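First comes the structure, then the notes that go with it.
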Amino acid sequence: MTRAAVAFRDRGLVAGAAIATLMVVVAVSAPLLTAISGQDPTTFHDGLLDSARGGVPVGAFGGVSGEHWLGVEPGTGRDLFARIVYGARVSLGVAVGATVLQVLIGLLAGLAAGLGGRWADAALGRLIDLVLAVPSLVLAISLLAIVPADWPRPVLLAVVIAVLGWGGTARITRGETLSLRTRDYVAAARVSGAGWFRVARREILPGLTAPVLTYAALILPTNMIVEAGLSFLGVGVRPPTPSWGQMLSTATTWFRADPMYVVVPGGLLFLTLLAFVLVANGLRRVLDPRQSEFLR
Amino acid sequence: MTGYLFRRIGGALLVLFGLTTILYALFYLAPSDPAVLTCGKGCTPERLADVRHAMGVDDPVHVQYAHFLEGLVAGRDYPSGPDVRHCPAPCLGYSFETDQPVTALLTDRLPVSVSLAIGAEALSLVVGIGAGMLSGLRRHRWLDRLVNGLVLTGYAVPVFLVGLLLLLLFCVVLQWLPFPAYVPFTTNPLLWAQNLLLPWVALATIQAAAYARLTRAGIQETLAEDHIRTARAYGLPERRIIWRRAFRGAMLPLVTLTALDVAAIMTSAVLTETMFGLPGIGQLLVGAVNQIDLPVVVGVTLLTGLLIVVANAVADLLYAAIDPRVQLR
Amino acid sequence: MTTEPVDNQPEVSVPGATLAPTHRGGGGGGARKSLKIENLRIGFGDTRAVDGLSFELPPGGAVGIVGESGSGKSATALALLGLHQNATVTGRISFGGTDLTTLDDREWRRIRGARIAMVFQEPLTALSPFHRIGDQIAEVYRIHTGATRRAARLRAVEVLKQVHIPDAERRARSYPHQFSGGMRQRALIAMALACRPQVIVADEPTTALDVTVQAQILDLLDEVRSTTGAGLLLISHDLGVVAGSADSVVVMRNGRAVEQGPTESVLVTPREAYTRELIAAVPHPNPPRTVEGEPLLRLTDVRKHFKLPRRGRVDAVDGVTLDVRRGETLGIAGESGTGKTTLARMMVGLVEPSAGKITFDGADIARRRGRSVQMVFQDPLSSLNPRRTVGESIADPLRLQGVRDPRARVLSLLERVGLSPREYDRYPHQLSGGMRQRVGIARALAPSPRLIVCDEPVSSLDVTTQAQILALLEDLRSTLDLTLVVVSHDLAVLRQIADRVAVLSGGAVVELGDTARVYEQPEHPYTKELLAAIPVADPLEARRLRALRRSRLV
């Protein structure tokens, strides 16, 4: 059976991929979707709030109506649907950006450590250890708090998450490279006169695709959680830019009066994360059937 | 063994030194001036200069850094008006915000984070290993599937979301529990546990899933190994094979992971503590960060860094203790 | 269970104390039982691993099962202990009158280890890494006899002594990883002896071991059989292993017994074509050839040291001086850890010597890489990139030399090594071991080298495939005017293919000379030991060599 056939038989993978794709489409077409719904994520609608109850939306399910498909935000009256779809841009964009950066840095560092000889390996190995030993969440919070407010937050978030989190990819790449370079087919290529650069490109990189891709699929949801967490703590994206984590943070003060405001962003965040985890899990099964270990 | 310890300690110091250096560099490259914040509105230049001097931020960066390191090792003296305040040996300075010694702030908050981490870890281990064993032995197909589903779910939920849902369910809808408020263990152990129950469950939901997965994989892998076949070929009863042979192999990765995870929970407890309003070191950090309270931020980062380093060493030692093949060199 | 000694050993189906092995000391008392297999069939789903096998192991006898991979010999071994989990086993396995296939789990456990004990192929993985050797043996003894901990520990030491583990009291407290391969296999045999079984099943007990250790283990099994009176079922792919130890032989192929009977008649006067093929495939000495070419590859006092972190220095190759003459086949013999692979890798310029000089045609080898010298590797699966087609792998060295469209040349190379051009687009995992090794040879031939270094070229192959690959190498050498260096642990292989042989020990050449001279009049004691340890397929010769080894020990 070909890999594609195996992939299509994996129900979890297919379902996960479908939801993940849908989320990406939603995020990309956010302006289009809000144009259709006729709302934007930043306009306040005080009229839709019950000021007697402290600003809870008027109407059932957080003020769901023909105009506001998912209701409105408590306290501000901003359209929840618009904020959700724009929030998806931030959540997914930061997570994807951070993952791509992490994989790039990790792949380069790992390859250099694995192929570069004893000194390169010792130096890079130390650096990887250091990155892995850093309390990354603590450092990320400190870092994000001191950066001026006018820097572009989503880009900054992606960079900070990537810079503090490339250790895992690097360690995996290094380990795989060290193991691949002892294979006889690498020796055979070298006997034929191939240099290390050609060996890296033609013999080692193809062997790294599966483990690195599997790992990347796995850290994508983790990065999404980190983004949501940082925004939840108030050091992520700044208002009025919406993000799911930030909405959940606001929701902590409203969840008794307006549970809908927890359920919508929380449910979507969970669904998206679950979709990516399913994709990662399925990819692992398709790409590397021997590896019984999942995650970590 | 001695050589190992020396290298380990050396490495740990290197990591901590690197951390402080990075932090110092970052905070002084940052545009916001802590002295301006401390001085408050309507601050005169003279007053600002005094504040700067009192805070020790009027020296060049490297001098400040040297002072800081000196304080850490030998303690240091701070000018305080006409007097001099002595800050004893592991001196992390005084909070810009509250003027309390950072070490005191940390020791005040640490028990909360420790309570959180230990309880959550214990709960995760019991639930995770139990579920992992049950599904690893493949006695019930539905159970295997359930654990599988929980593992994926556990990996896909952020802790603050679980926390939020738990609060919603138990404190608002069912009203079985009051909203958590930390009670020290020494004051009332029962209340301590009751108030920490939800945070523990929130953390354990995620952690236990990971342990269940590891246990299951471990037990299945070990059961497929040759020495298990040997045990069967020599007539050992299945129960003995599972508990004396397979369980041992399956627990290997878990033991080291436990040490690392206790540290990981404490360093990432920020979210849980904020969520449940627990006055631990994470909450201390969030407050300090918003005030550019450098000494506190450095203190928290150093403490968490130290925890990770210690946890790594403990994990290594544990591994060597339970696997006769491993020798520390 | 109780420890009460009972002298007679009635039927296995009688529960409890009577099952406890009882007679003290070796020599075997009590009624000895025969193991009789009738029409055994083992199936995994739709595939049949064993298809109607029958043979009998008389009390205290020794039966050998010989077959290539996939012949069903290991499946048979597992069936004798009821260890198959997802297989359907039919037929009769009668052990002293009881049909073992009708036993339930509890009854099986009383047989396993106590009545029929098994010795496995990989002694490292076959023992639990977390428990001390003595404890593992004692545990088995306690389970079956209900003896006290103390008595069990004493028994463990006793059997360890019986298999000649020196300082057994202390070594019983060691973990398996602290033992060498041969010691581990001895420990496993000790475990098999612990409950004084009536049958020992040894499944490829020496395959993972060096040749001299292999001889020791086979001698030990033979000795144990005569001192304890246990029957021995010896399973191996190697005719030589079985020849010296078994009274009768079963030759298996595709789950069936092709031929069976007394060892002498099967191995000396085989009736079936397949048996003859197997025997013919065993490496045999070729008529000697003297090659007086000028030196092509010269090694002058070559050394290679590896620095291990915090464990000092290992001298893998320690001062080797030798010439490879143009047109000859030089054999390099050595056991594991003698530095033979490091030496081979230095010869092709993959590993740089720490000291000394290697020249090819007068020029330093490092500058000749990729053209004149090529290499064939031991494991053909690991030497081919799993993600690239066979054709691509062979084309690569050609592309490196600037050949634009190497396809035609690759196809002719495939044909030259006996493969069909169809294989060009297939992946390594779709080929058999022998075919993969042919691909490896084709890749080595691609840049038209003058010297090919073969590192254990046939050691991972079945014996009939081995013979074909050796014939191919021989043929290529003569038609393409090649020079070959063949590195191998298998002296029989070298005797067939090499013109001269160098014997490596501890990283140095201890003996070098024409093949015929080295094999017939070895000078160095290590060479003599190696030669005496070679398993030979001739049963009489095998017994003579065993006697020779015994007399040396005394």
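The values are calculated or read from the model by the stated rules, or taken from the named source; none is laboratory data. Only a predicted model underlies this, so the values are computations on that prediction, with no experimental measurement involved. Heads up, the Cβs are rebuilt from the backbone with ideal geometry, glycines too, and the neighbour counts pull from every protein chain shown.
Looking only at the stretch B:89-105, how many residues end up being aliphatic (A, V, I, L, M), touching a residue at least 40 places away in the same chain (Cβ under 8 Å) and in a helix (DSSP H, G or I)?
Of all residues in the stretch B:89-105, those aliphatic (A, V, I, L, M) come to B:89, B:92, B:102, B:104-105.
Those still in the list that are touching a residue at least 40 places away in the same chain (Cβ under 8 Å) too: B:92, B:102, B:105.
Subsequent filtering for residues that are in a helix (DSSP H, G or I) retains B:102, B:105.
Counting residues in the stretch B:89-105 that are aliphatic (A, V, I, L, M), touching a residue at least 40 places away in the same chain (Cβ under 8 Å) and in a helix (DSSP H, G or I) gives 2.
Mind checking which helices (runs of 4 or more DSSP H) fall wholly inside the stretch C:472-554 and carry at least 3 residues that are free of Cβ contacts under 8 Å to residues at least 40 places away in the same chain? Reasoning before the result, please.
Working: elements: C:491-497, C:515-520, C:525-533, C:539-553.
Those helices (runs of 4 or more DSSP H) span C:515-520, C:525-533, C:539-553.
Can you pull out every residue in the stretch C:382-414 that is of a type in the set (A, V, I, L, M, F, W, C), outside any helix (DSSP H, G or I) and buried (at least 18 other Cβ atoms within 10 Å of the Cβ)?
C:L384
Can you tell me which condition B:F179 does not meet? The list is (1) surrounded by fewer than 16 Cβ atoms within 10 Å (Cβ to Cβ); (2) not aliphatic (A, V, I, L, M); (3) not in a loop (DSSP other than H, G, I, E, B), and all the others hold.
(3)
If you take the residues in the stretch B:138-159 that are among the basic types (K, R) and part of a helix (DSSP H, G or I), which one is surrounded by the fewest Cβ atoms within 10 Å (Cβ to Cβ)? Outline the logic, then answer.
Narrowing the stretch B:138-159 to residues among the basic types (K, R): B:138-139, B:141, B:145.
Filter again for part of a helix (DSSP H, G or I), leaving B:141, B:145.
Details: B:R141: 9, B:R145: 11.
It comes out as B:R141.
Taking the stretch A:266-292 as the search range and keeping residues that are under 21 Å from the mean Cα position of the chain (by Cα), at the interface with chain B (Cβ under 7 Å from one of its Cβ atoms) and closer than 24 Å to B:T215 by Cβ, which one is modelled with the lowest pLDDT?
A:N281
Table: residues versus (1) buried (at least 24 other Cβ atoms within 10 Å of the Cβ); (2) over 30 Å from C:R41 (Cβ atoms).
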site: C:R115; (1), (2): yes, no
site: C:L124; (1), (2): no, yes
site: C:F130; (1), (2): no, yes
site: C:Q136; (1), (2): yes, yes
site: C:Y141; (1), (2): yes, yes
site: C:R149; (1), (2): no, yes
site: C:V159; (1), (2): yes, yes
site: C:A202; (1), (2): yes, no
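Return the pair list, or none, for Cβ contacts closer than 9 Å from residues in the stretch C:44-66 that are free of Cβ contacts under 8 Å to residues at least 60 places away in the same chain and more than 25 Å from C:S226 (Cα to Cα) to residues that are small (G, A, S) and part of a loop (DSSP other than H, G, I, E, B), at least 6 apart or on different chains.
Correct list of pairs: C:F44/C:A87; C:G45/C:A87.
Run down B:L260, B:L236, B:L203, B:L214 and say which single residue is of a type in the set (A, V, I, L, M, F, W, C), surrounded by 20 or more Cβ atoms within 10 Å (Cβ to Cβ), closer than 28 Å to A:F232 by Cα and assigned by TED's automatic domain parsing to the domain that holds B:L302. So that I can check it myself, show each step before the final result.
Working: B:L260 fails: surrounded by 20 or more Cβ atoms within 10 Å (Cβ to Cβ); B:L236 fails: closer than 28 Å to A:F232 by Cα; B:L214 fails: closer than 28 Å to A:F232 by Cα.
Answer to the selection: B:L203.
Can you tell me how many residues within the stretch C:378-398 are aliphatic (A, V, I, L, M) and either within 9 Å of C:P428 (Cβ to Cβ) or facing another protein chain (nearest Cβ under 7 Å) (or both)?
3
I'd like the residue in the stretch C:176-188 that is surrounded by fewer than 24 Cβ atoms within 10 Å (Cβ to Cβ) and in contact (Cβ under 8 Å) with a residue 40 or more places away in the chain and, out of all such residues, is farthest from the other protein chains (Cβ to nearest Cβ).
The extreme case among them is C:G181.
If you take the residues in the stretch C:161-170 that are surrounded by fewer than 20 Cβ atoms within 10 Å (Cβ to Cβ) and in contact (Cβ under 8 Å) with a residue 12 or more places away in the chain, which one is nearest to C:I137 (Cα to Cα)?
C:E169
Looking at the structure I just gave you, is B:S135 away from chain A (no Cβ under 14 Å) and surrounded by 16 or more Cβ atoms within 10 Å (Cβ to Cβ)? Write out each step before concluding.
Values: away from chain A (no Cβ under 14 Å): no; surrounded by 16 or more Cβ atoms within 10 Å (Cβ to Cβ): yes.
The answer is no for B:S135.
Could you list, in sequence order, all residues of the stretch C:338-353 that are farther than 19 Å from A:R190 by Cα and of a type in the set (S, T, Y)?
Result: C:T338, single match.
Taking the stated definitions as given, is B:I281 in contact (Cβ under 8 Å) with a residue 24 or more places away in the chain, within 10 Å of another protein chain (Cβ to nearest Cβ), in contact with a Lys or Arg (Cβ under 6 Å, 6 or more places away or on another chain) and hydrophobic (A, V, I, L, M, F, W, C)?
yes
What do you reckon, is B:V162 within 14 Å of another protein chain (Cβ to nearest Cβ), assigned to a helix (DSSP H, G or I) and either more than 21 Å from the chain's Cα centre (by Cα) or under 27 Å from B:A224 (Cα atoms) (or both)?
So B:V162 fails the test.
Yes or no: B:V127 surrounded by fewer than 20 Cβ atoms within 10 Å (Cβ to Cβ), in the same structural domain as B:I241 (by TED's automatic domain parsing) and of a type outside the set (S, T, Y)?
Working: surrounded by fewer than 20 Cβ atoms within 10 Å (Cβ to Cβ): yes; in the same structural domain as B:I241 (by TED's automatic domain parsing): yes; of a type outside the set (S, T, Y): yes.
In short, yes.
Any idea how many residues of the stretch B:292-324 are at the interface with chain A (Cβ under 9 Å from one of its Cβ atoms) and not in a helix (DSSP H, G or I)?
1
Across the stretch C:446-472, what is the total count of residues that are within 13 Å of C:G331 (Cβ to Cβ) and within 22 Å of the chain's Cα centre (by Cα)?
6
Only one residue in C:E264, C:E259 is in contact (Cβ under 8 Å) with a residue 40 or more places away in the chain and touching a Pro at 6+ places or on another chain (Cβ under 7 Å), so which one is that?
That would be C:E264, the only listed residue that is in contact (Cβ under 8 Å) with a residue 40 or more places away in the chain and touching a Pro at 6+ places or on another chain (Cβ under 7 Å).
If you go through the stretch B:198-219 one residue at a time, do you hit one that is in a helix (DSSP H, G or I), touching a helix residue (DSSP H, G or I) at 6+ places or on another chain (Cβ under 6 Å), touching a residue at least 60 places away in the same chain (Cβ under 8 Å) and within 14 Å of chain C (Cβ to nearest Cβ)?
yes
Any residue in the stretch A:203-216 that is at the interface with another protein chain (Cβ under 9 Å from one of its Cβ atoms) and assigned to a helix (DSSP H, G or I) sitting within a Cβ distance under 6 Å of a residue that is small (G, A, S) and buried (at least 19 other Cβ atoms within 10 Å of the Cβ)? List the pairs, counting only those 6 or more apart or interchain.
Qualifying pairs under 6 Å: A:E203/A:A189.
Please determine, by comparing only the residues of the stretch A:165-188 that are in contact with a Leu (Cβ under 8 Å, 6 or more places away or on another chain) and in a loop (DSSP other than H, G, I, E, B), which one is surrounded by the most Cβ atoms within 10 Å (Cβ to Cβ).
Restricting to residues being in contact with a Leu (Cβ under 8 Å, 6 or more places away or on another chain) and in a loop (DSSP other than H, G, I, E, B), the top hit is A:W166.
Can you tell me which residue within the stretch A:126-139, out of those that are crowded, with 17+ Cβ neighbours inside 10 Å and in contact (Cβ under 8 Å) with a residue 12 or more places away in the chain, is farthest from the other protein chains (Cβ to nearest Cβ)?
In the first step, residues of the stretch A:126-139 are kept if they are crowded, with 17+ Cβ neighbours inside 10 Å; the result is A:128, A:131-139.
This time we only want the ones that are in contact (Cβ under 8 Å) with a residue 12 or more places away in the chain, so: A:128, A:131-132, A:134, A:136-137, A:139.
Working: A:I128: 12, A:V131: 10, A:L132: 9, A:V134: 7, A:S136: 8, A:L137: 5, A:L139: 6 Å.
So, considering only residues that are crowded, with 17+ Cβ neighbours inside 10 Å and in contact (Cβ under 8 Å) with a residue 12 or more places away in the chain, the one farthest from the other protein chains (Cβ to nearest Cβ) is A:I128.
For the stretch C:447-468, how many residues meet the condition of being within 14 Å of C:S383 (Cβ to Cβ) and surrounded by 21 or more Cβ atoms within 10 Å (Cβ to Cβ)?
Here is the first cut: in the stretch C:447-468, the ones within 14 Å of C:S383 (Cβ to Cβ) are C:452-461.
Okay, now just the ones that are also surrounded by 21 or more Cβ atoms within 10 Å (Cβ to Cβ), so C:452-455, C:457-458, C:461.
The total comes to 7.
Just to check your reading of the model, which residue among B:Y28, B:Y94, B:Y65, B:Y78 is more than 14 Å from chain A (Cβ to nearest Cβ) and at pLDDT below 75?
B:Y78
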